[in-house]
Amino acid sequence: MNVSDFDFDLPERLIAQTPLAERTASRLLVLHKETGGTEHKTFTDLKMYLRPGDTLVLNDTRVLPARLYGVKADTGAKAELLLLKRLEGDAWEALVRPGKKIRAGTVLHFGAEAEDSAKPLLTAVVEEEGEMGARRVRFEYEGIFNELLDRLGQMPLPPYIKERLDDRERYQTVYSKHEGSAAAPTAGLHFTESYLEELQQMGVRLCWITLHVGLGTFRPVSVDNVDEHDMHSEWYSVSEESAELLNRTRAEGGKIVAVGTTSARTLETVGMRFEGSKVEACSGWTDIFIYPGYRFRLVDSLLTNFHLPKSTLVMLVSALAGRENVLNAYEEAVEREYRFFSFGDAMFIT
């Protein structure tokens, strides 16, 4: 199976640059995976496809203000860090720019205590060079790291978003809780607290899991053959309460609805881990790569946004709904001028 099998034409004008004023105001393309049939709705129509006893699985990760702009300590040249994940203590995996000039041993400075002070608020020492441009960096500072990061960092918006985001919280889900992601689980951006409450009043259950989004989100597929692509590992956690809810939903015949591909990857990691038995509370690292031919263990339905051509995310939704069905639905979305990517419209695969 070739990566080119998941390509499609996407006009640049359809890439959403800013979020809508109202989270639930987006459009919703409903794709019926068994028939390939589509319906064109609005996001709040999602409740039409949910029943009492169904469970929405939501990723409660919170995006760090993980993009840092600073200078090289020796030359004063501009430098940039994008934090991907905490490794241990004050050591992080990060992407750097300019990559060719930031090697092991480089010292970077960020912020200053005052305009007349040369002392940086945050210092990063590059300790190792990793794969795909990644670096291991160690921070030195006084005070509380997260407070400094909140003060100095910017939200790590994807490179296809050129507009400035005035409200940081619009790149967070309303239920974000555990900081650690380098990107938002964007399917969840459509929900408001009141709409989630409305669904619960219908008898729909909410199940919280955590997956901290890392390098895989920024890493393109650089091989021609899908089988040769390696996913980057990301940390996930499922609580005892969430495990019990997943088991109860299964036992009672309800649908497990993944909100976003990050929730889907977490669920399927857990499904493989406990295949043939009840799900238990667990955590760990996952590099699961889902593409056509994969057999889903836990996910029945998926709420997701529209994704990049030839991306692992298009492959995942194609595994659930069929490549031809997905590409046909994407063609309809382009024709009807749906908004694409992080701040775009939604698709519900049922």
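Some notes on this structure:
- Heavy-atom accessible surface of D5, to the nearest 10 Å², is about 50 Å², with a 1.4 Å probe and all protein chains retained.
- Accessible surface, region 225-293, averaged per residue in Å² (probe 1.4 Å): 46 Å²
- Comparing mean-square fluctuations of I256, I290, I102 from a GNM of the chain with C-alpha springs under 10 Å, the top value falls on I102.
- Nearby lysines by direct alpha-carbon distance to K33 (threshold 22 angstrom, same-chain neighbours under 8 apart not counted): K41, K47, K255, K310
- Surface per residue (accessible, 1.4 Å probe) for region 67-154, Å²: 56 Å²
- Surface composition of region 208-350: carbon and sulfur make up 43 percent of the accessible area, probe 1.4 Å.
- Relative to the longest principal axis of the Cα atoms of the chain, the long axis of helix 261-273 lies at roughly 80 degrees.
- Cross-link reach list, lysines versus K72, counting only Cα pairs under 20 Å and skipping chain neighbours closer than eight places: K100, K101, K119
- Distance (nanometres) between label positions extended 7 Å along Cα→Cβ at D90 and A25: 4.5 nm
- Put T55, T35 in order of accessible area, highest first, and with a 1.4 Å probe you get T35, T55.
- Beta bridges per DSSP, both residues in the chain: antiparallel share near 70 percent.
- When both region 132-187 and region 295-350 are represented by their alpha-carbon centers, they are found 26 Å apart.
- Remark: region 77-84, residue by residue, has Karplus-estimated 3J(HN,Hα) of 5, 5, 8, 9, 10, 10, 6, 9 Hz, where x stands for each Gly or Pro and the curve is 6.51 cos²θ - 1.76 cosθ + 1.60 at θ = phi - 60°.
- Heavy-atom SASA rank of H212, H40 (probe 1.4 Å, accessible area, largest first): H40, H212
- Max mean-square fluctuation residue, GNM over the chain, Cα-Cα springs under 10 Å, options A333, A134, A112: A112
The values are calculated or read from the model by the stated rules, or taken from the named source; none is laboratory data. On a predicted model such as this, the values are computed, not experimentally measured, just so you know. Neighbour counts run over all protein chains shown; Cβ positions are idealised from the backbone, glycine included. Just so you know, the surface numbers come from the protein's heavy atoms only, side chains and all, with ligands and any DNA or RNA stripped out. Shrake-Rupley method; radii C 1.70, N 1.55, O 1.52, S 1.80 Å.
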